[in-house]
Amino acid sequence: MLPSLYGNNLERIESWLLKGGHSTSCADILCRYIYNGRNKKLLPQFSKTVLEQLENEFTSELPKPSSIQRAKDGTIKFLLELHDGEKVEAVLIPFYKRYTLCVSSQVGCAMNCDFCYTGTMGLKRNLEAGEIVGQYLFAYEFLKAEKGSNEPRPNIVMMGMGEPLHNFEEVKMALKVFTAEKGLALSPRQITLSTVGYLPGLKRWHEMPPVNLALSLHSPIKEVRDKLIPVNRGWPLPEVMEVLDKLPLHHRQVITYEYLLIKGMTDRDSDAHELAKIILGKRAMINLIPFNPYPGSEYKKPSTDDVERFKKILVSYSLMTMVRTTKGDEILAACGQLKAKQLSL
Ligand code: SAH
């Protein structure tokens, strides 16, 4: 199988040109060609040999939709088939001005979190950078076909299947392509990467383009977090927080702390007070995520009143707190409901 064309940033195209005995002077225009829908108008600007070689050595195929499901709230979930038949999910979520695309970083996930549907399938393989970028190119083309070519580019959350920092190199290259001027030219502020607290990756965070970071915190209590997120046993929260505290943040940037509200387990008043103690004094935003049930899940969703009560406690500490409204849940497209297979509902 040929490598994907979309795993290349300017640097890689330059070294590919050099390896083929070409000058790098057409690298810019080649990148423009690749990331502007292989615009035929640009063809006269580079040699036929370069184009032929490019087409012989890379595939321009995008992941193929094997199903597309729509929820009433406008959320669209794609089940995308990769070149080897493996499948991942990507979800377009409508927000006020533009869509956000939730992209996957792995087929399955190795983190084995107790409350997450993706975790139940284990890790099948890492995605290549071109497959991560491919999800975005596919979804944006789909949106433009539906809404017109003026549709703004979706923002990105790396919150689909997989632990992005467990696939560091490929995710890093994908983020480079997303944010490079000679790539998709998104602002790093339009992108958020969420991690379970994968310490080896967090220690290398400075290598990533300066995108936003979200941590799945979920419980301030060691025993509870150990149960929910097994990797907490090896990389405990205090150590993770120590690393996060040292990250340089730009003007007005905050770290998002995702907090899963599970009825009777993480939604008690005492949890809110403990959480506040951990977060106070940090440049932080707390994102409360009511648990989304899936077939066979043992945990329960809290009531709206419980969520409000929990939020009020955090707000009483003046902590910036939002509740993540559940989107696309009737098509199992909400957080933690992704599992590369079509379910009959
Ligand atoms: N592995 C990364 C990226 C996945 S992001 C991470 O864990 O951060 C997906 C988010 O949805 C995470 O915050 C995850 O904890 C949360 N999530 C997983 N299962 C869920 C469920 N059933 N209900 C609500 N949120 C869930």
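Values quoted throughout were computed directly from the atomic coordinates according to the rules given, and no laboratory measurement underlies them. This is a predicted model, so every value here is computed, not measured. Ideal geometry is used to build each Cβ from the backbone, glycine not excepted, and the neighbour counts take in all protein chains shown.
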If packing is taken as the average count of other Cβ atoms within 10 Å, what order do 138-150, 160-172, 72-84 fall into, highest mean first?
160-172, 72-84, 138-150
Candidates Lys176, Lys282, Lys327, ranked by Gaussian network fluctuation over the chain, Cα under 10 Å, top entry:
Lys282
To the nearest 20 debye, what is the magnitude of the charge dipole of the range 64-331 about its Cα centre, counting +1 on the Cβ of each Lys and Arg and -1 on the Cβ of each Asp and Glu?
660
For the chain, what relative contact order do you get, as a whole percent, if you take Cα pairs closer than 8 Å and at least 6 residues apart?
16
What are the semi-axes of the equivalent ellipsoid of the range 5-57, taken as the square roots of 5 times the eigenvalues of the Cα gyration tensor, listed largest first and rounded to whole Å?
15, 12, 10
Value of D in µm² per second that Stokes-Einstein yields for the chain, Kirkwood Rh from Cα pairs, at 10 °C (1.306 mPa s)
75
Using only the Cα atoms of the range 48-169, build the gyration tensor, take square roots of its eigenvalues as a ≥ b ≥ c, and label the shape rounded, prolate or oblate: rounded if a/c is under 1.5, else prolate if a/b is larger than b/c, else oblate.
oblate
If I model a spin label at Arg125 and Glu207 as a point 7 Å from the Cα along the Cα→Cβ vector, what separation in nanometres do I get?
2.2
Say we join alpha carbon atoms closer than 10 Å with springs in a Gaussian network model of the chain; which of Ile156, Ile229, Ile29 then has the biggest fluctuation?
Ile29
Within 14 Å, Cβ to Cβ, of Met322, how many net charges do the neighbouring residues add up to if Lys/Arg are +1 and Asp/Glu are -1?
+2
Can you tell me what share of the DSSP beta bridges in the chain is antiparallel? A percent to the nearest 5 is fine.
45
For the range 288-317 and the range 105-158, compute the distance between their C-alpha centroids and round to whole Å.
25
Estimated 222 nm signal from helices in the chain, with DSSP H stretches of n ≥ 4 weighted -39500 (n - 2.57), rounded to 500
-9000 deg cm²/dmol
Farthest toward positive dipole pole in the range 5-57 [+1 Lys/Arg, -1 Asp/Glu at C-beta], among Gly37, Leu5, Leu51
Gly37
Go ahead and set up a Gaussian network model of the chain, Cα springs under 10 Å, then flag whichever of Pro94, Pro44, Pro236 fluctuates most.
Pro44
